[in-house]
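Written out below as structure tokens is the structure these notes cover.
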Amino acid sequence: MSDNTPVWLVVNAASGSNDDGSLETLKDSFAKAGLSLVRISHFPDDDLPARAELDEAGVGLVAVFTGDGTVNALITSLYGWRGAILVLPGGTMNLLYHRLHGDAGLDDVLAAVVAGKAFRCRPGVVRCDAGDGFAGVMAGPGTAWNEVREAMRDADIAGIASGAARALGQSVGAPMVACVDPALGQAEGYPLLVLTPRSDGFAIDAYHAETLGDYLSQGLALLKRDFREGPSDRLGHVVELTTRSVTAEPTGLLIDGEPFDTGPTVRFVLASCEVDLLATRFDE
């Protein structure tokens, strides 16, 4: 990249780091780096830029300053595009950003892009019929805690209370999800499986709870997305996995934080991202 490289920026006001102040700071950072913002799309009020729009505008770089869910939607919508996507830390956890840039700050990443030190890559993703997970995929009744997290983000007190009660009930009483091909871990399954992609496969972590207190503490860990606080076991590192609800009920999924419902049996495979992402410290 060079100075005055045209960039199309996508932001989302509902994401964790998006507000008027942070957007102005972001604009200043682009200006200081010498990157020219030719257009800003405010998703979801504005549509995500399409491949034809970007090509017509002569833009070969899209920057996205949103949470992992919107990042996922943008990347998958641009599959097959010849340009590149620069993921920035605009969400709460910014898991894909850290995959691509480590702990580097935003200004350092922009400087690396302008200096030609960023490189194109196509990281591994966890793929299933419901979509591709770049930061990770969660499967099982424990995903019900996502409702509480969303209510917390929206400051919906009633939603927090009702969602917590529902999530606790589902975590305790809903059918568990087991790894059946390959057969890994407990045959009776777990309330939550977390699949984290890397270039050579994806890690499988099983989160479990045995007492009411464990379920509450696990739910809190999930809300904060700090999975290390919850009781878990590393089951393996694979390139393909089939999971099954032990009572043939539908399996709840969170793909990069966005909820999906699917059938009782889900097949996950390692795949490659189908558009170039810019990275500065990609370590996989």
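List of remarks:
- Check on Lys32, touching a residue at least 24 places away in the same chain (Cβ under 8 Å) and either within 30 Å of Val126 (Cα to Cα) or assigned to a helix (DSSP H, G or I) (or both): yes
- Test result for Gly90, over 17 Å from Cys273 (Cα atoms), touching a residue at least 60 places away in the same chain (Cβ under 8 Å), in contact with a strand residue (DSSP E or B) (Cβ under 6 Å, 6 or more places away or on another chain) and of a type in the set (Gly, Ala, Ser): yes
- Restricting attention to the stretch 117-142, the residues that are in a strand (DSSP E or B) and among the basic types (Lys, Arg) total 2.
- The set of residues in the stretch 56-93 being within 26 Å of Gly116 (Cβ to Cβ), in contact with a Gly (Cβ under 8 Å, 6 or more places away or on another chain) and surrounded by fewer than 23 Cβ atoms within 10 Å (Cβ to Cβ) consists of Val59, Gly60, Leu61, Arg82, Gly83, Ala84.
- Residue in the stretch 234-242 that is in a strand (DSSP E or B), hydroxyl-bearing (Ser, Thr, Tyr) and at pLDDT 85 or above present: yes
- Every residue from the stretch 58-73 that is among the hydrophobic types (A, V, I, L, M, F, W, C) and closer than 13 Å to Ile255 by Cβ: Val71, Ala73
- Exactly one residue out of Thr76, Thr25 is among the hydroxyl-bearing types (Ser, Thr, Tyr) and within 17 Å of Asp256 (Cβ to Cβ), and it is Thr76.
- From Leu48, Leu23, Leu96, residue being more than 20 Å from Leu277 (Cβ to Cβ) and buried (at least 17 other Cβ atoms within 10 Å of the Cβ): Leu23
- Yes/no for Val177 being assigned by TED's automatic domain parsing to the domain that holds His237, modelled with pLDDT of 50 or more, in contact with a Lys or Arg (Cβ under 8 Å, 6 or more places away or on another chain) and crowded, with 20+ Cβ neighbours inside 10 Å: yes
- Among the residues making up the stretch 244-271, a single one is at pLDDT 85 or above, assigned to a loop (DSSP other than H, G, I, E, B) and small (Gly, Ala, Ser): Gly263.
The values are calculated or read from the model by the stated rules, or taken from the named source; none is laboratory data. The model shown is predicted, which means the values in this text are computed figures rather than measured ones. Note that we place each Cβ from the backbone using ideal geometry, even for glycine, and neighbour counts take in every protein chain shown.
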